[in-house]
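A short write-up of the structure that comes next.
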Amino acid sequence: MVMLHPFYCVKHHLLAFSVLLSIFGCHLVSHAQDKALNIYSARHYPTDEALYSDFTKSTGIQINRVDADDAGILARLKAEGSSSPADVILLVDAARLWRGEIDGLFQPIQSKVLEAAIPPQLRAKPSDGGIAWFGLSTRARVVVYNPSKVKKEAVDTYEKLADPVNKGKLCVRSGSHPYNLSLFGSMTEHLGPAKTEIWLKGLVSNMARSPKGGDTDQIKGVASGECGMALTNTYYLARLMRSESADDKVLVAKITVVFPNQSTTGTHVNVAGGAVARYAKNKNNAVLFLEYLASPAAQNHFANGNNEWPVSKGVRFDNPALQAMTGGTFKSEVLPISAVGVNQIKAQQMLDRVGFR
């Protein structure tokens, strides 16, 4: 801030200074906006700090970030309305991306870079001359099992998890958690509502314990023998596989992973993605940031830093845990995210009817 000596602040000089300060101040605000980017992020992973710092180093654009969960971010955007400072929205669940789109919280954008990099099924359908959001990484929903209690052929499809042969063996987190709702929405698209509800009822019948904890807790339950099998996202398993802890090494040695439905519909993947906020003040910077997240360098970071599967075409990575799971590749399902999102409403109603908490 410029300070004037009090004896210098005579009236006519003060007036002239005010005019100059007004002009210069507007320039500073404009310049600051040109070099700023406000992000609302549900990606609360320490390894992502390198992504933000690398972007700033390469562009000079300073990042201001608000961290919250998916639901909290969407609620905040609704409450802030047109006064929201958000430029970029990063969410870690397909259903929440879909919800933000249909609630009008994103603005469609056009980017040849993003459209060339991101497969069609991992982005919102074009609307108003642009695309509302783009998937940037995925997490496969796989089955881990204890080979001393369960045979691979009994758990190599999602459908088999509800088979009576697996009674008393399944561990799973809350059915209403977004990871599971996304899977159940996917199954509804594949099987139809009636068959999906029967399948969900079978899952409840096969539970070894009431749903509790997160995905890591399910993996530990399988390793301890409390459960024969469990559902988990791959990046939780990869963390344990890459851990230097002796306990984690012992745990991992007791379990095996299978990517379900490789000979049919493919393994379900949930999507972490990004969008430009509806009232973004720094839209150009926002698009530039999303394009950066689709670059080989950033995609490789998603894989190596946070154990996620990259989505950009042609990206190669060297994460040893992901490579060990599948050799680095697997068949994933191909479904429109919008269909999965719509089906989650039906899935929640089915969960209530079958008593899946």
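Along the charge dipole of the chain, pointing to its positive end and built from +1/-1 on Cβ of Lys, Arg, Asp and Glu, which listed residue (VAL172, TRP199, LEU91) has its Cα farthest out?
Checking the options against the dipole of the chain, the answer is TRP199.
If the only charges are +1 at each Lys and Arg Cβ and -1 at each Asp and Glu Cβ, what is the size of the charge dipole of the chain around the Cα centre, to the nearest 20 debye?
Using only the charged Cβ atoms, the result is roughly 500 debye.
Starting from the amide H of SER137, placed 1.01 Å from N in the peptide plane, find each other amide H under 5 Å away whose residue is 5 or more places distant or on another chain.
ALA272
From the phi of every residue in region 315-332, what ³J(HN,Hα) in whole Hz does the Karplus formula 6.51 cos²θ - 1.76 cosθ + 1.60 yield, where θ is phi - 60° and glycine or proline is x?
Karplus values, whole Hz, x for Gly and Pro: 7, 10, 9, 10, 5, x, 5, 5, 5, 5, 5, 9, x, x, 8, 7, 7, 9.
Is there a quick way to get the dipole size of region 117-239? I mean about its Cα centre, with the Cβ of Lys and Arg at +1 and of Asp and Glu at -1; what is the value in debye to the nearest 20?
Charge dipole, region 117-239, about its Cα centre: 300 debye, nearest 20.
Taking Cα pairs under 8 Å and at least six residues apart, what relative contact order does the chain come out at, in percent? Each step should come with its number before you reach the end.
On the way: 642 pairs, mean separation 93.6, N = 357.
So the answer I get is 26 percent.
Output the 0 to 90 degree angle, nearest 10, between the alpha-carbon long axis of helix 296-306 and the longest principal axis computed from the alpha carbons of the chain.
For 296-306 against the chain, the angle is about 60 degrees.
Gap in Å between the Cα centre of region 255-273 and the Cα centre of region 74-143?
23
Sum -39500 (n - 2.57) across every DSSP H segment of at least 4 residues in the chain, then divide by the residue count to get the 222 nm mean residue ellipticity, nearest 500.
Calculated at 222 nm, the ellipticity per residue is -14000 deg cm²/dmol.
Please give the Cα centre distance for region 318-337 versus region 46-63, rounded to the nearest Å.
Their Cα centres are 27 Å away from one another.
Compute the angle between helix 49-59 and the longest alpha-carbon principal axis of the chain, please, reported from 0 to 90 degrees and rounded to the nearest 10.
The angle comes out near 40 degrees.
By how many nm would the segment from GLU226 to ASN284 lengthen if fully extended, with 0.36 nm per residue of separation less the alpha-carbon distance? Show your work: numbers first, answer last.
Values: separation 58, 0.36 × 58 = 20.88 nm, distance 5.21 nm.
Separation in residues times 0.36 nm, less the Cα-Cα distance, equals 15.7 nm.
Give the percent of DSSP beta bridges with both residues in the chain that are antiparallel, rounded to the nearest 5. Before the final figure, lay out each step's value.
Details: 26 of 39 bridges.
That works out to approximately 65 percent antiparallel.
Most exposed first by the Cβ proxy, i.e. fewest other Cβ within 10 Å, how do HIS301, HIS44 rank?
Starting with the residue having the fewest Cβ neighbours, the order is HIS44, HIS301.
Can you give me the angle between helix 178-191 and the longest principal axis of the chain, using Cα atoms only, in degrees from 0 to 90, rounded to the nearest 10?
The answer is roughly 60 degrees.
Choose one answer from SER137, SER111, SER205: the residue with the largest mean-square fluctuation in a GNM of the chain with alpha-carbon springs under 10 Å.
Sorting by GNM fluctuation, first place goes to SER111.
Taking region 48-187, how much of its Cα-Cα pair set, in percent, is spaced more than 27 angstrom apart?
40
In terms of modelled amide H atoms, which long-range or inter-chain residues lie less than 5 Å from the amide H of CYS227?
VAL222
Please work out the Cα center distance from region 145-177 to region 217-231, rounded to the nearest Å.
Going from one Cα centre to the other spans 10 Å.
Only the coordinates and a few stated rules stand behind these numbers; no lab work does. If you're wondering where the values come from, they're calculated on a predicted model, not measured in any experiment. Glycine also receives a Cβ, built like all others from the backbone with ideal geometry; neighbour counts cover every protein chain displayed.
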